[in-house]
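K.L.:
Pasting a structure below so you can have a look.
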Amino acid sequence: MTPMRLTTWFRRRMAVLVAVSMLLAWAALTVGFHLQERRELIRTCRADAVRVALSIAEEIQRRPMLWRYDGAKMSDRIASQGVRPATAIVVRDVQGASVDIEGFRPASGVAMLWGRAPVLVGNVRMADVWVGASIGAVVAAIGDARGDLRVWWPCCSPRCCMWCPSGPWRAPSGVSSA
Amino acid sequence: MVPTRRSFLVVIALLAAGCDDGPPAPAVAPASVDPDPGLIRLAGSGAMTPLAAELARAWAARGEFPRVVVEPSVGSTGGVQAAADGAVDLGLVARPLRGEEQATGLTYLPVALDAVVVAAHRDVPVDDLSSADLERLFSGERTRFADGSPAVLVLRDRWDSAHGAFERMVPRLAPLRERAYETRRFDVVFHDDTMGAVLSSSIGAIGLFSLGAVSAWKLPIKVLSVDGVMPSVQRIQDGTWPATRELAFVFKPERRGRVQGFLDFVTSRDTQAAMLAWGYVPVMEARR
């Protein structure tokens, strides 16, 4: 069988095509993953906002006049419900005045994603809760995923394993890597 | 044309997938609260709520006006904020004002001393615990009493003044308690009324509680002695029970006129004597 020989011209065209395809695939994966992580984070924030809103609704029923002054204890109660510690929580009563939830104040200058839920007592909206998470979490997740990709991708080809974060690929004894 | 529109819709769908609910609206200042001329409203620390309720009852029994209403507890911090905002006439606190709270210009009026005690469900098979026993309970090393029945420690939240007061008497409990919060080993209760209910109804429950609340609310709770010392108003007065906290009113100076009659009643000789019967030591008595 005659081995296939690629012309230099064709090899160059193919190299460009492969490089562009890989770049596009990388960009599509990154954007897709970013959107997925973002959506997941927003969904978690909304779920946390609903949980916090339920907790505040209970508090309002117990202390209809002065619930807004029980923020210090509310923060401990929210923390005990497993709301992530890095989360920011903002509560506004129906007039728009802030209710301070100590320990969950948003950090200034940090880009956040927000999930919102109304605080309902007997179907009457008494306040709104925003739960925020830093966008840094999405970026970190993408960084982690890229790390995973580096492990998975180059190992398809033994020659590229110098990039592998788990160290250069070593052929099992008796198997040539060349 | 059709593929272009489809691509456009795909892009919009992708963007919509990443949209959050938007940042919170900017806050507005809380609406100012006008005092109700027919009411003196009190709220704050749960440690002081039973005493305030007794005072309100005695005030009403004399047929005095305006009526005194004690709201459910919102903690000392909440009491200070509510008094500063004018949402209540008298804030109830169970600790001295902190630095930033002093800047609010509120007047601080000490009323009484309350003993923080080790209280338990009435059926627990012990009457006395040593400091070492308490350390073992807080560390989770000990989960049963000598007869094998369960010992269920119930903690108050970090903000509660009871822990600080009791840890002046048994300082080694402070790091153990901090660790217990981190490991979530024990149930945490956020208000005095809930703590009273838990200690009254849960078999084997044990925790720190207010001596005044036990007697004012007439709860079926056992107060335990610690290292052979049984807490009482006499022990507070002679200093042999150092786990105490000062209960005080805080109020805006401009509300003094509204509350002066009630404050005169609180500091009167008859009321001070009644406080001793309710399980509290009036501050004037304590300073004598």
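K.L.:
Look at B:Ala162 and say whether it is in contact (Cβ under 8 Å) with a residue 60 or more places away in the chain and either in contact with an Asp or Glu (Cβ under 8 Å, 6 or more places away or on another chain) or within 25 Å of B:Ile236 (Cα to Cα) (or both). Spell out the reasoning first.
P.N.:
On the way: in contact (Cβ under 8 Å) with a residue 60 or more places away in the chain: yes; either in contact with an Asp or Glu (Cβ under 8 Å, 6 or more places away or on another chain) or within 25 Å of B:Ile236 (Cα to Cα) (or both): yes.
Taking the combined requirement at face value, the residue satisfies it.
K.L.:
Let me ask something else. Take B:Leu134 and decide whether it is touching a residue at least 60 places away in the same chain (Cβ under 8 Å) and farther than 30 Å from B:Gly148 by Cα.
P.N.:
Values: touching a residue at least 60 places away in the same chain (Cβ under 8 Å): yes; farther than 30 Å from B:Gly148 by Cα: no.
Spelling it out, it is not the case that B:Leu134 is touching a residue at least 60 places away in the same chain (Cβ under 8 Å) and farther than 30 Å from B:Gly148 by Cα.
K.L.:
Moving to a separate point now. Please give the number of the condition B:Thr240 fails out of (1) without any contact (Cβ under 8 Å) to a residue 12 or more places away in the chain; (2) within 21 Å of B:Ser130 (Cα to Cα); (3) not in a loop (DSSP other than H, G, I, E, B).
P.N.:
Status for B:Thr240: all satisfied but (3).
Residue-by-condition table, conditions (1) of a type in the set (A, V, I, L, M); (2) part of a loop (DSSP other than H, G, I, E, B):
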residue: B:Leu176; (1), (2): yes, no
residue: B:Ala213; (1), (2): yes, no
residue: B:Leu219; (1), (2): yes, yes
residue: B:Val223; (1), (2): yes, no
residue: B:Phe249; (1), (2): no, no
residue: B:Asp270; (1), (2): no, no
residue: B:Ala273; (1), (2): yes, no
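K.L.:
With respect to A:Ile101, determine if the residue is more than 9 Å from chain B (Cβ to nearest Cβ), within 26 Å of the chain's Cα centre (by Cα) and modelled with pLDDT of 90 or more.
P.N.:
Numbers: more than 9 Å from chain B (Cβ to nearest Cβ): yes; within 26 Å of the chain's Cα centre (by Cα): yes; modelled with pLDDT of 90 or more: no.
No: the conditions fail for A:Ile101.
K.L.:
While we're here: Which ones in the stretch B:58-84 are under 20 Å from the mean Cα position of the chain (by Cα), part of a helix (DSSP H, G or I) and over 20 Å from A:Ser75 (Cα atoms)? Reasoning before the result, please.
P.N.:
Filtering the stretch B:58-84 down to residues under 20 Å from the mean Cα position of the chain (by Cα) leaves B:68-84.
Filter once more, keeping what is part of a helix (DSSP H, G or I): B:75-84.
Selection gives B:Ala83, B:Ala84.
K.L.:
In addition: Scan A:Arg43, A:Arg5, A:Arg39, A:Arg11 and give me the residue that is surrounded by 13 or more Cβ atoms within 10 Å (Cβ to Cβ) and either modelled with pLDDT under 90 or touching a Gly at 6+ places or on another chain (Cβ under 8 Å) (or both). Break it down into steps so the answer makes sense when it comes.
P.N.:
Numbers: A:Arg43 fails: surrounded by 13 or more Cβ atoms within 10 Å (Cβ to Cβ); A:Arg5 fails: surrounded by 13 or more Cβ atoms within 10 Å (Cβ to Cβ); A:Arg11 fails: surrounded by 13 or more Cβ atoms within 10 Å (Cβ to Cβ).
On inspection, the qualifying residue turns out to be A:Arg39.
K.L.:
Under 9 Å between Cβ atoms, which residue pairs at least 6 apart in sequence (or on different chains) link something in the stretch B:10-32 that is over 22 Å from A:Ser134 (Cβ atoms) and within 7 Å of chain A (Cβ to nearest Cβ) with a partner that is part of a loop (DSSP other than H, G, I, E, B) and modelled with pLDDT of 75 or more?
P.N.:
Listed by first residue and then by second, the contacts come to B:Val28/A:Gln95; B:Val28/A:Gly96; B:Pro30/A:Gln95; B:Pro30/B:Ala87; B:Ala31/A:Gln95.
K.L.:
For the stretch A:59-115, which positions are of a type in the set (Ser, Thr, Tyr), over 22 Å from B:Pro30 (Cβ atoms) and part of a loop (DSSP other than H, G, I, E, B)? Let's see the steps before the verdict.
P.N.:
Of the stretch A:59-115, the ones of a type in the set (Ser, Thr, Tyr) are A:69, A:75, A:80, A:87, A:98, A:108.
In the following step, the residues that additionally are over 22 Å from B:Pro30 (Cβ atoms) were identified as A:80, A:87.
The one that is of a type in the set (Ser, Thr, Tyr), over 22 Å from B:Pro30 (Cβ atoms) and part of a loop (DSSP other than H, G, I, E, B): A:Thr87.
K.L.:
Look through B:Leu224, B:Leu247, B:Leu219 and report the one residue that is farther than 26 Å from B:Ala82 by Cα and at pLDDT 95 or above. Walk me through how you get there before you give the answer.
P.N.:
Numbers: B:Leu247 fails: farther than 26 Å from B:Ala82 by Cα; B:Leu219 fails: at pLDDT 95 or above.
Every option except B:Leu224 fails the conditions.
K.L.:
Counting only residues that are small (Gly, Ala, Ser) and part of a strand (DSSP E or B), how many does the stretch B:102-135 have?
P.N.:
Residues of the stretch B:102-135 that are small (Gly, Ala, Ser), as a first pass: B:103, B:105, B:112, B:115, B:119-120, B:130-132.
With the extra rule that they be part of a strand (DSSP E or B), the set shrinks to B:112, B:115, B:119-120.
Total satisfying the criteria: 4.
K.L.:
Quick one: would you say B:Phe8 is part of a loop (DSSP other than H, G, I, E, B) and at pLDDT below 90?
P.N.:
Working: part of a loop (DSSP other than H, G, I, E, B): no; at pLDDT below 90: yes.
The answer is no for B:Phe8.
K.L.:
Could you pull out the residue among B:Phe190, B:Phe186, B:Phe166 that is at negative phi and at pLDDT below 90? Even if it seems obvious, please write down each step before you answer.
P.N.:
Numbers: B:Phe186 fails: at pLDDT below 90; B:Phe166 fails: at pLDDT below 90.
Answer to the selection: B:Phe190.
K.L.:
Which pairs turn up if I take residues in the stretch B:79-90 that are closer than 10 Å to B:Val250 by Cα and more than 9 Å from every other protein chain (Cβ to nearest Cβ) and look for partners that are assigned to a helix (DSSP H, G or I) and aliphatic (A, V, I, L, M) with beta carbon separation below 9 Å, at least 6 apart in sequence or on another chain?
P.N.:
Qualifying pairs under 9 Å: B:Asp89/B:Ala83; B:Asp89/B:Val259; B:Leu90/B:Ala52; B:Leu90/B:Ala83; B:Leu90/B:Val259; B:Leu90/B:Leu263.
K.L.:
So, B:Ala61, is that one small (Gly, Ala, Ser), exposed (fewer than 14 other Cβ atoms within 10 Å of the Cβ) and more than 13 Å from chain A (Cβ to nearest Cβ) or not?
P.N.:
Working: small (Gly, Ala, Ser): yes; exposed (fewer than 14 other Cβ atoms within 10 Å of the Cβ): yes; more than 13 Å from chain A (Cβ to nearest Cβ): yes.
The answer is yes for B:Ala61.
K.L.:
Here is a follow-up. Quick one: B:Pro37 ticks every box in (1) surrounded by fewer than 20 Cβ atoms within 10 Å (Cβ to Cβ); (2) touching a Leu at 6+ places or on another chain (Cβ under 7 Å) except a single one, so which number is it?
P.N.:
(2)
K.L.:
Here are the criteria: (1) within 13 Å of chain A (Cβ to nearest Cβ); (2) out of contact with any helix residue (DSSP H, G or I) (no Cβ under 8 Å at 6 or more places or on another chain); (3) outside any strand (DSSP E or B). Tell me which single one B:Arg41 does not satisfy.
P.N.:
For B:Arg41, the exception is condition (3).
K.L.:
A follow-up question, please. So which residues in the stretch A:27-61 are over 30 Å from A:Arg92 (Cα atoms), among the hydrophobic types (A, V, I, L, M, F, W, C) and free of Cβ contacts under 8 Å to residues at least 24 places away in the same chain?
P.N.:
A:Ala27, A:Ala28, A:Val31
K.L.:
Just give me the residues in the stretch A:74-92 being in contact with a helix residue (DSSP H, G or I) (Cβ under 8 Å, 6 or more places away or on another chain), free of Cβ contacts under 8 Å to residues at least 24 places away in the same chain and more than 7 Å from chain B (Cβ to nearest Cβ), in sequence order.
P.N.:
Answer for the stretch A:74-92, where residues must be in contact with a helix residue (DSSP H, G or I) (Cβ under 8 Å, 6 or more places away or on another chain), free of Cβ contacts under 8 Å to residues at least 24 places away in the same chain and more than 7 Å from chain B (Cβ to nearest Cβ): just A:Pro85.
Quick grid of which residues meet (1) over 21 Å from B:Gly78 (Cα atoms); (2) among the hydrophobic types (A, V, I, L, M, F, W, C); (3) within 13 Å of chain B (Cβ to nearest Cβ):
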position	(1), (2), (3)
A:Arg5	yes, no, no
A:Met14	yes, yes, no
A:Val31	yes, yes, yes
A:Ala53	no, yes, yes
A:Glu58	no, no, yes
A:Ala72	no, yes, yes
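The values are calculated or read from the model by the stated rules, or taken from the named source; none is laboratory data. These numbers come from a predicted model, not from an experiment. Reconstructed Cβ throughout: ideal geometry from the backbone, glycine too, with neighbour counts over all protein chains shown.
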